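Student: First, the structure itself, so that you have it in front of you.
Nothing in this text is a laboratory measurement; each read-out follows from the coordinates by a stated rule. This is a predicted model, so every value here is computed, not measured. Here the Cβ is made from the backbone with ideal geometry for all residues, glycine too, and neighbour counts use every protein chain on show.
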């Protein structure tokens, strides 16, 4: 009834190609942004910001990065954790060399280092496909993890082999380190994620995204219609790694405040891959859903017993949470193998005809 | 129809929620002591006994004495799984409840929250783990790592080795193997080890164990067999320890030349290899066994009443008693804070002062019902947040740990300059680092 586009005429190409062609969607996204930028910083607690919202933003960005590669271009990668690590360590090196530079800028620039490393490890994708490529990216993961311990220059010869994030500012306000308030860090993370999501959704709708999808659907056919495979695939690796690198830098600088090789291990890669699969392959929206489900649900589950005044031992909650999340993942995949993004689409479709379904 | 149920359900749910919130809102005089523990994940083998020990001693104080100074302790565990992200989440979760101290129980988590501690005014107790440099109180007023740092531990091992070899100068030309957890924890002793190698003229062979390969060390031990080091030193944790002990026994490495740090000395670390592990040495700074009145009180007032998760036969094991030791430090710091401030319900700021002037004399250990349980804590001060206290060497006799040395004092003169340098290095790398503003108490 309310969610209908009837009567909304598009009178120009620009209107037809808008990111949100339907008025209701525009209102919805404006409301979400308003809540995220204004309401949340005003009312959210430190815990909600630090342990729930900032992680979800960071992981969503990483999931978008992997989604560009795996969901849109069809190249399976298990190196996400490593690429995130490259971003984090690059940002750390950059801020040690240029301590007075705007840290927000450095976080975004550190994605470039990650993109370079990503393209190098993307080279085998020209030759190998599917599971074989997954194994090649797995090698990238292990190699990068090894570098993060074995090259002490990366962590400034710290005895603990960890990077500890110093206080850094942007426009005179501390953004990272212990003196940065969680609201500042949240707003910076949110701005980066919103901007990069907007760029990503335009990339995938445009020429580049279409070539990626053509390659994903059938690479021989794509080649026949004149798409240069190696450029397309390398570009996918580079852009995907750029996103992962920025997410990694955000993880170290805006979320944890310290990181070591272990923070970017194979489990991190799997975590992001699960987010992409559960959220929906080939969907930007799905990346957010996946991150919310995989990171957010355990936190909600952990807080649930206490909220209802039931005392359950911390370890028991942990075990229960593993079981519940595992069961839910299986449930969602059975109900909707195409991920939560598909469920969302179905819901929207239902909403259009509500309350008179046919 | 459906809608009706939904509305009904929502109404009932909100009622329950509201009543729960109301019941929790009752104020109560108490001291909140969160325990960051890990009973799950690959490090649970080491984490469970420690979690039990920490919890049981504090619970015993509640049951036997009604808390500390008449104020009940609220003990809450938060599961970290030895994972940094989850540990930070736990820290954020407990922060709002005004904890008087936080024990991260993981070097990685400690590193992540060190810079936050000064901002949040919460003292961090990282007992003989974490950042060694945080012993420098002038730079790290909120971090405490008694009774000894890793570098102290290494120097104590060398005192022991020197004793066995007939002098440290006899090490010239020998080889010492160092097998370690390939992460912050295991990397920390390396600078001092290399300095020792230079000072005493031995060669160091390093055997890193990556976290993912903790249970797969056979290849590495083949290298050990080839290199034939005269002594082996281990910095291991979790599943890495029992694997290393088993592998060492398998290649017939002389176990009485194999020394672990205090975190490699759990009963479950040596037990899987059984009689083959006989002779394996580790450092320790807490007594083992149940033969202490305070541990008997734990059995009587907590474990027998079913208020603990500890299986009765695990009480008195090394890592369990390590947990008890940790809680003794917490409890004594709180007590000291009450004494200094005259307040009953102390805050994190007060407990920080309590830690800075923490003293546990031999007589006090006895008074606590733990005679000879640990070396007297007497050197923690405003500038020295560690104290560099003594530890002893213990040996596995096939079924249990036996004390085989007296208290060994660390080489403070070698360790302290390194610590000062490391602290300075940390501070320069983390500029701007806040200057210490907290005044020192007179009593220290």
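Student: Other chains near B:78-87: what is the mean number of their Cβ atoms within 10 Å of each residue's Cβ?
Tutor: Per residue, the number of nearby Cβ atoms from other chains is 4 on average.
Student: Just the projected area, averaged over all directions, of the convex hull on the alpha carbon atoms of region A:1-116: how many nm²?
Tutor: Averaging across all directions leaves 11.8 nm² for the Cα convex hull.
Student: Still on this structure, please answer the following. On C-alpha positions alone, give me the angle between the axis of helix B:412-429 and the longest principal axis of chain B, in degrees, nearest 10.
Tutor: Result, in degrees: 60.
Student: Right, next: Counting other beta carbons within 10 Å of each Cβ, put A:125, A:182, A:201, A:96 in order, fewest first.
Tutor: A:96, A:201, A:182, A:125
Student: Same structure, new question: Taking only the Cα atoms of region B:290-444, how large is their convex hull per residue, in Å³?
Tutor: With only Cα atoms used, region B:290-444 gives 174 Å³ per residue.
Student: Taking beta carbons within 10 Å but only from partner chains, what does the mean come to for residues A:310-317?
Tutor: Across the residues of A:310-317, the mean count of other-chain Cβ atoms within 10 Å is 5.
Student: Here is a follow-up. Just tell me how shielded A:158-171 is by partners: mean number of partner chain Cβ atoms within 10 Å of each residue's Cβ, no decimals.
Tutor: Mean shielding by partner chains, rounded to a whole number: 6.
Student: Still on this structure: Taking the Cα atoms of chain B alone, what are Rg (to one decimal) and Dmax (as a whole number) in Å?
Tutor: Gyration radius and largest Cα-Cα distance of chain B: 22.8, 88 Å.
Student: Over the residues of region A:140-244, compute the C-alpha Rg and express it relative to 2.2 N^0.38 Å.
Tutor: Compactness ratio reported: 1.53.
Student: Stokes-Einstein at 4 °C, 1.567 mPa s, Kirkwood radius from Cα pairs: D for region B:129-208 in µm² s⁻¹?
Tutor: Translational diffusion coefficient: 94 µm²/s.
Student: Kirkwood hydrodynamic radius, computed over distinct alpha-carbon pairs, for region B:248-362: how many Å, to one decimal?
Tutor: 16.7 Å is the Kirkwood radius here.
Student: Order the peptides B:124-131, A:225-232, A:154-161 from the highest to the lowest mean number of other Cβ atoms within 10 Å of their residues.
Tutor: The packing order, highest mean first, is B:124-131, A:154-161, A:225-232.
Student: In µm²/s, what is D for region B:157-271 at 25 °C and 0.890 mPa s, where D = kT/(6 pi eta Rh) by Stokes-Einstein and Rh is the Kirkwood radius from Cα pairs?
Tutor: Value of D from the Cα-based Kirkwood radius: 173 µm²/s.
Student: So if I take the alpha carbon set of region A:48-353, get Rg, then get Rh from the Kirkwood formula, what is the Rg over Rh ratio?
Tutor: 0.98
Student: Shifting gears a bit: Counting other beta carbons within 10 Å of each Cβ, put B:37, B:383, B:243 in order, fewest first.
Tutor: The fewest-first ordering by Cβ neighbours comes to B:383, B:243, B:37.
Student: Also, quick follow-up: Mind ordering B:235-242, B:410-417, A:325-332 by average Cβ neighbours within 10 Å, highest first?
Tutor: Final packing ranking: B:235-242, B:410-417, A:325-332.
Student: List, largest first, the extents of the alpha carbons of region A:39-95 along their principal axes, each in whole Å.
Tutor: 41, 30, 14
Student: Further, regarding this structure: Translational D (Stokes-Einstein, µm²/s) of region A:69-151 at 20 °C and 1.002 mPa s when Rh comes from the Kirkwood sum over C-alpha pairs?
Tutor: Answer from the Stokes-Einstein relation: 159 µm²/s.
Student: Moving on to the next point. Would you mind calculating the relative contact order of region A:48-353 from Cα pairs under 8 angstrom and at least 6 residues apart, reporting the percent as a whole number?
Tutor: Once divided by the residue count of region A:48-353, the mean separation gives 33 percent.
Student: Can you check what the Kirkwood hydrodynamic radius comes to for the protein assembly as shown, Cα pairs only, in Å to one decimal?
Tutor: 28.4
Student: Could you line up A:338, B:388, A:319 from fewest to most neighbouring Cβ atoms inside 10 Å?
Tutor: By the 10 Å Cβ count, ascending: A:319, A:338, B:388.
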